[in-house]
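One structure below.
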Amino acid sequence: MHLDSFIVSALLLLAVTSVAVALFRHFGLGSVLGLLIAGVVVGPHSPGPYVTTHVEDVRHFTELGVVLLLFVIGLEMKPSRLWSLRRDLFGLGSLQILLTGLAITLYVSLGVESWKTALLIGLTLSLSSTAFVMQLLQERGEFASSHGTSTFAILLMQDLSVVPLLALVPLLSDTAAIAAGIPLWEQLLILGGMFVVLGVFGLRVVPFALEWLARHDNREASLLVVLLAVFLAAWAMHQAGLSMALGAFIMGMLLSGSRYNMQIRAHIEPYKGLLMSLFFVAVGMSIDLGVLSQRPLEFLGHTAVLIGIKLMVLLPLALAFGYSRGNSVRITFLLAQAGEFGFVLFGSALALKVIDEGTFIMAVGVISLSMLLTPLLVRIGDRLACRLEGKCDGVQELPTDIREVPERQVLIGGYGRMGHTVATLLQASGIPFVAFDTDPERVEQGRAYGQAVLYGDISDPELLAAAHAERATLVVLTIDHSATALRTVSYLRDAYPQVPVIVRARDLEASAHLLQAGATQAFPETIEASLRLGAEALQMVGAPVENIELLMQGVRSRGYELVRERAEDGR
């Protein structure tokens, strides 16, 4: 591709996607639907100008976004939490695949002569879209809710089922040669070896490398190490015949207990967001408007039946597994679409002549259209659920954080002398907190004291997002760098105006700048030390304690006016 045509394509893509996302977010329909519509507009099947005709290549590349998405989810999913989901994972997830697949197979067999083709289509369309659903849950802040964790368990089981489905395609083909292949014991040995390699790499090599780089303040190399770990895990699982996204999820889970957890997520989040956005655009570009215009009733009918079967099968299953009516409806409507793995499975089936070209085009179109309808289906599910629960006044279930960190906590920026003191006082009072510091030695020291101290730069917006700063009761900044403190306060006040921020300041001048930037309170350490010394002196010469406290409160409440002039003269 020439440079000029590349720039024109990039400009067209950015212009259409930015307008579409802005409009759809404005009307409360979510960014995912906007990205899908933008993909339809700039795709090769639209009547207007298009970005590229190589949609499949674009989709393969942007599937790296799904890999990074599963890695981020793994960072929030400790092994103990995953074990607690085993009932939904192996019970509800397995039954959903089998029963939905059987129902769709029976429907497809009415119009398809080959039972092999019907079986493959039925099982493939029983899968839902991990990328779409997880992005919607994260965007809506519902990933850690009851229905969010159950939905994730079902999706994880569906991802695992891709492996036997891919193995099933050659068996259903009349043209594929039946080769001896690799013996089962050798396949299991390879798979076990891959898991051992990932375990050593995720538990030993990556944390060691990140700590060494952190001690040398090399953040760029830290990002590259994290990306290497993610893609190594994805490649290893792909070589073992498993999903790349599953490998990334395992690596994220291995790193979930690391002190670098939050900073790793902050590194990955921007790239994940960009690639996921391009993935949704690529899916929109896959929708063949020509097929839709030639056989519109058949196209829409197949999509409607697919969604209807999924709703009718999953809803009673969720109820049978003990979920409330509201959560059962939410889970069902979240998983009512077909998934992106259908593109892979149907592509393999087409190559082996299990399905013909017309069936392939129709199947890919149905998958794409069902994805396109997902945000609207989720909104319908929300409305039905809140009516069933009698909570249509906007009150939603508060999620239980997946890392078992309390919903309302104090964030501490800097774990030096002051940060340690604040953390110790909070710990003694039973108040939950998380402290961040960029010095690995301080982080190790804090963890040795049994305190929640993680490696991370509190001025990084992505780190604050990963730490759920919007739910913090308070942010305490004790960092000994005026410019960083000022920048962090300004960002916190713009992004999280409801969260109070108290800051350590060097002197009265720095305190004034921080208050002007939006700090709730700024305490100049030199003046505070002097006030403490003065209070002790007054108490030792016999002044009443009540009078001393009133005097100190008065000095602070009036912005240290009583001592400001002398302090400034003595500089």
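The values are calculated or read from the model by the stated rules, or taken from the named source; none is laboratory data. Owing to the predicted nature of the structure, the values given are computational and were not obtained by experimental measurement. Heads up, the Cβs are rebuilt from the backbone with ideal geometry, glycines too, and the neighbour counts pull from every protein chain shown.
In summary, G322 fulfils each of the numbered conditions (1) in a helix (DSSP H, G or I); (2) within 28 Å of G148 (Cα to Cα) with the single exception of condition (1). Taking the criterion of being farther than 24 Å from G308 by Cα, surrounded by 17 or more Cβ atoms within 10 Å (Cβ to Cβ) and among the acidic types (D, E), the residues of the stretch 50-107 that qualify are E63, E76. Number of residues in the stretch 522-533 that are surrounded by 14 or more Cβ atoms within 10 Å (Cβ to Cβ) and at pLDDT 65 or above equals 4. The residue that is nearest to L213 (Cα to Cα), among those in the stretch 436-463 that are assigned to a loop (DSSP other than H, G, I, E, B) and of a type in the set (V, I, T), is T438.
Look at F132 and say whether it is in a helix (DSSP H, G or I), among the aromatic types (F, W, Y), buried (at least 23 other Cβ atoms within 10 Å of the Cβ) and assigned by TED's automatic domain parsing to the domain that holds F321. Answer is yes for this residue.
So that you can scan it fast, the table gives a plain yes or no per residue for (1) touching a strand residue (DSSP E or B) at 6+ places or on another chain (Cβ under 7 Å); (2) of a type in the set (K, R); (3) not assigned by TED's automatic domain parsing to the domain that holds D439:
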{"site": "E470", "(1), (2), (3)": "no, no, no"}
{"site": "V476", "(1), (2), (3)": "yes, no, no"}
{"site": "A495", "(1), (2), (3)": "no, no, no"}
{"site": "V499", "(1), (2), (3)": "yes, no, no"}
{"site": "R504", "(1), (2), (3)": "yes, yes, no"}
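Would you confirm, using the coordinates I've provided, whether R265 is surrounded by 16 or more Cβ atoms within 10 Å (Cβ to Cβ), touching a Phe, Trp or Tyr at 6+ places or on another chain (Cβ under 6 Å), at negative phi and charged (D, E, K, R)? Against the criterion (surrounded by 16 or more Cβ atoms within 10 Å (Cβ to Cβ), touching a Phe, Trp or Tyr at 6+ places or on another chain (Cβ under 6 Å), at negative phi and charged (D, E, K, R)), R265 does not qualify. For the stretch 17-49, give me the residue count where each residue is of a type in the set (F, W, Y) and in contact (Cβ under 8 Å) with a residue 12 or more places away in the chain. Residues flagged as of a type in the set (F, W, Y) and in contact (Cβ under 8 Å) with a residue 12 or more places away in the chain within the stretch 17-49 amount to 1. Scanning the stretch 308-319 for residues that are in contact with a Leu (Cβ under 8 Å, 6 or more places away or on another chain) and either among the small types (G, A, S) or not in a helix (DSSP H, G or I) (or both) yields a total of 1.
Among the residues in the stretch 301-320, are any crowded, with 21+ Cβ neighbours inside 10 Å and either under 30 Å from A465 (Cβ atoms) or touching a strand residue (DSSP E or B) at 6+ places or on another chain (Cβ under 7 Å) (or both)? Checking the stretch 301-320: not a single residue is crowded, with 21+ Cβ neighbours inside 10 Å and either under 30 Å from A465 (Cβ atoms) or touching a strand residue (DSSP E or B) at 6+ places or on another chain (Cβ under 7 Å) (or both). Screening T17 against (1) outside any loop (DSSP other than H, G, I, E, B); (2) at pLDDT below 80; (3) hydroxyl-bearing (S, T, Y) leaves a single unmet condition, (2).
Scanning the stretch 475-496 for residues that are buried (at least 18 other Cβ atoms within 10 Å of the Cβ) and more than 21 Å from E269 (Cα to Cα), we see that the one that is nearest to the chain's Cα centre (by Cα) is V475.
Looking at this structure, is F90 touching a helix residue (DSSP H, G or I) at 6+ places or on another chain (Cβ under 8 Å), farther than 30 Å from K353 by Cα and touching a residue at least 12 places away in the same chain (Cβ under 8 Å)? Answer is yes for this residue. The set of residues from the stretch 217-234 being crowded, with 17+ Cβ neighbours inside 10 Å, of a type outside the set (G, A, S) and more than 21 Å from D437 (Cα to Cα) comprises V230, F231, L232. Within the stretch 474-492, count every residue that is out of contact with any Ser or Thr (no Cβ under 9 Å at 6 or more places or on another chain) and either within 9 Å of A517 (Cβ to Cβ) or not in a loop (DSSP other than H, G, I, E, B) (or both). So the answer is 7. A single entry from P375, P399 fulfils the requirement of being outside any helix (DSSP H, G or I), of a type outside the set (D, E) and modelled with pLDDT under 85: P399. Listed by position, the helices (runs of 4 or more DSSP H) inside the stretch 211-307 whose residues that are assigned by TED's automatic domain parsing to the domain that holds P79 and under 19 Å from the mean Cα position of the chain (by Cα) number at least 2 are 219-239, 244-254, 261-285. Selection of first residues in the stretch 352-368 that are more than 17 Å from E113 (Cβ to Cβ) and at pLDDT 80 or above and of second residues that are of a type in the set (A, V, I, L, M) and surrounded by fewer than 19 Cβ atoms within 10 Å (Cβ to Cβ), restricted to Cβ pairs under 8 Å at least 6 apart or on distinct chains, gives the following pairs, ordered by first then second residue: G365/V291; G365/L292. Among the residues of the stretch 291-300, is there at least one that is among the aliphatic types (A, V, I, L, M), under 19 Å from I97 (Cα atoms) and in contact with a Phe, Trp or Tyr (Cβ under 9 Å, 6 or more places away or on another chain)? Looking through the stretch 291-300, none of the residues is among the aliphatic types (A, V, I, L, M), under 19 Å from I97 (Cα atoms) and in contact with a Phe, Trp or Tyr (Cβ under 9 Å, 6 or more places away or on another chain).
Comparison of S293, S277, S256 shows that the only residue that is in contact with an Asp or Glu (Cβ under 9 Å, 6 or more places away or on another chain) and not charged (D, E, K, R) is S256. Cβ separations smaller than 6 Å between residues 6+ apart or across chains give the following pairs from the stretch 61-83 residues that are modelled with pLDDT of 80 or more to residues that are polar (S, T, N, Q) and assigned to a helix (DSSP H, G or I): L75/N261.
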